[in-house]
Structure formats: C-alpha cells, structure tokens
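Bear in mind that the values in this text are calculations on the coordinates, not laboratory data. The structure presented is a predicted model; accordingly, all values stated were derived computationally and were not measured. No Cβ is skipped: glycine too gets one built from the backbone with ideal geometry, and neighbour counts run over all protein chains shown.
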Amino acid sequence: MDKIQRMKQEKEYQDYVKKKTPVHNVWLNMAKAFLVGGLICFIGQVIYHYCELQNLSADDSSSWTSLCLVLLSVILTGTGIYPKIAKWGGAGALVPITGFANSVAAPAIEYKKEGQVFGIGCKIFTIAGPVILYGIFTSWLLGFLYWIWTLVQ
C-alpha cells in the first residue's frame with residue numbers, strides 16, 4: 001500500500017510540475033531575437049552611414065556610432081523601455097554594445113536611492129564587472145603569451 005501511495009504522489013507531483021512549467025515556442029523566440037538584434041544593428045548602420053554623409057572618416061563614424069548606441073541604450077534603460085525590449089526580444093537585445101551599456105546602467109538606476117557611494121558606486125558594475133575583469137585578464141594573458149612567443153623566436 002505504501003508503494004502504491006508513493007507512486008500516486010510522484011505522479012501527482014509530475015502532473016503539477018508539468019502544469020506549472022512554462023512552455024516556450026523556440027522558433028518564435030528565435031524570430032523575436034533576430035528581429036530585435038537586427039533592428040539594433042540596422043540602427044547602428046543608419047548612424048554609421050549618416051556620419052559618413054557628414055564626411056567623417058571611417059574611424060570617426062565608428063566611434064560616433066558606438067557612442068550613439070550606448071547613449072540610446074542608457075536612455076532607454078533609464079526610461080524603462082530597454083527592459084521591455086529585452087523581455088520581448090530575448091537574446092537579440094544582447095547585441096554587445098547595447099546589452100553591455102544596459103548591464104552597466106540598470107544596476108546604477110536600481111540602486112540610486114541608496115546613495116552615490118553605497119548605491120551607484122558599489123552596484124554599478126555588478127553585472128558588467130565580471131565581463132570587464134575577465135576581458136582585461138584574458139587580454140593581458142594573451143599579450144604576455146605573445147610577448148613570450150616573440151622572445152623565443
């Protein structure tokens with residue numbers, strides 16, 4: 001009897017989990033991510049070409065494009081629009097420059113009520129910090145290995 005009751009409980013639990021687990025449409029999510037990521041890249045391309053039309057060099061056009069995308073991302077994060085875009089578009093909103101700007105701005109906005117030092121100062125890099133840390137460390141390590149390689153040759 002005990003074994004039958006345990007099997008019944010397991011079946012009820014599995015039914016409960018199945019009922020509560022959200023079902024995702026992978027193809028729809030990929031299409032949304034493609035659209036959002038593509039739109040961000042399209043906006044970047046429009047900014048770049050506008051800068052070229054203003055007779056800026058390729059380097060200056062690239063710099064202005066990056067600057068404008070970061071600024072736009074931070075403004076949309078501050079107004080609460082970027083999180084809605086990210087929720088709808090998923091991974092498409094993680095296009096590196098806008099996603100990174102969002103990951104720096106969001107904690108700063110969230111913790112601003114705790115003050116300049118203990119709020120913004122302490123929390124601003126909670127998400128982006130590991131990316132910066134490991135990016136710098138990896139760059140240093142690869143540079144060091146390259147330097148050793150040039151000494152050996």
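General remarks:
- Degrees between helix 96-110 axis and first principal axis of the chain (Cα, 0 to 90, nearest 10): 70 degrees
- Reported label for calculated mean projected area of the Cα convex hull in nm² given (i) 9.8; (ii) 18.5; (iii) 8.4: (ii)
- Applying 1/(1 + (r/R0)^6) with r as the Cβ-Cβ distance of residue 91 and residue 142 and R0 = 35 angstrom yields a FRET efficiency of 0.85.
- Burial ranking of peptide ranges 123-131, 7-15 (average Cβ count within 10 Å, highest at the top): 123-131, 7-15
- Prolate/oblate/rounded call for the stretch 5-44, Cα gyration tensor, a/c under 1.5 rounded: prolate
- Global geometry of the stretch 56-123, whether rounded, prolate or oblate, following the gyration tensor of its Cα atoms and the 1.5 cut on a/c: oblate
- Each peptide among 18-25, 99-106 gets the average number of other Cβ atoms lying within 10 Å of its residues, and from highest to lowest they stand as 99-106, 18-25.
- The length gained by stretching the chain between residue 34 and residue 10 to full extension, at 0.36 nm per residue less their Cα-Cα distance, is 4.6 nm.
- Near residue 90: Cβ cut-off under 14 Å, other residues only, Lys/Arg at +1 and Asp/Glu at -1. The net charge is +3.
- With Cα atoms, 0 to 90° folded angle of helix 26-53 axis to the chain main axis: 10 degrees
- Helix axis angle, 128-152 relative to the chain longest principal axis, alpha carbon, degrees: 60 degrees
- For the stretch 88-153, the square roots a ≥ b ≥ c of the C-alpha gyration tensor eigenvalues yield an a/c of 1.5 or more together with a/b not exceeding b/c, which makes the shape oblate.
- Across the chain, Cα pairs under 8 Å and at least six residues apart give a relative contact order of 19 percent.
- Projecting the Cα positions of 51, 107, 67 onto the charge dipole of the chain (unit charges on Cβ atoms of Lys, Arg, Asp and Glu, taken about the Cα centre) puts 107 furthest along the positive direction.
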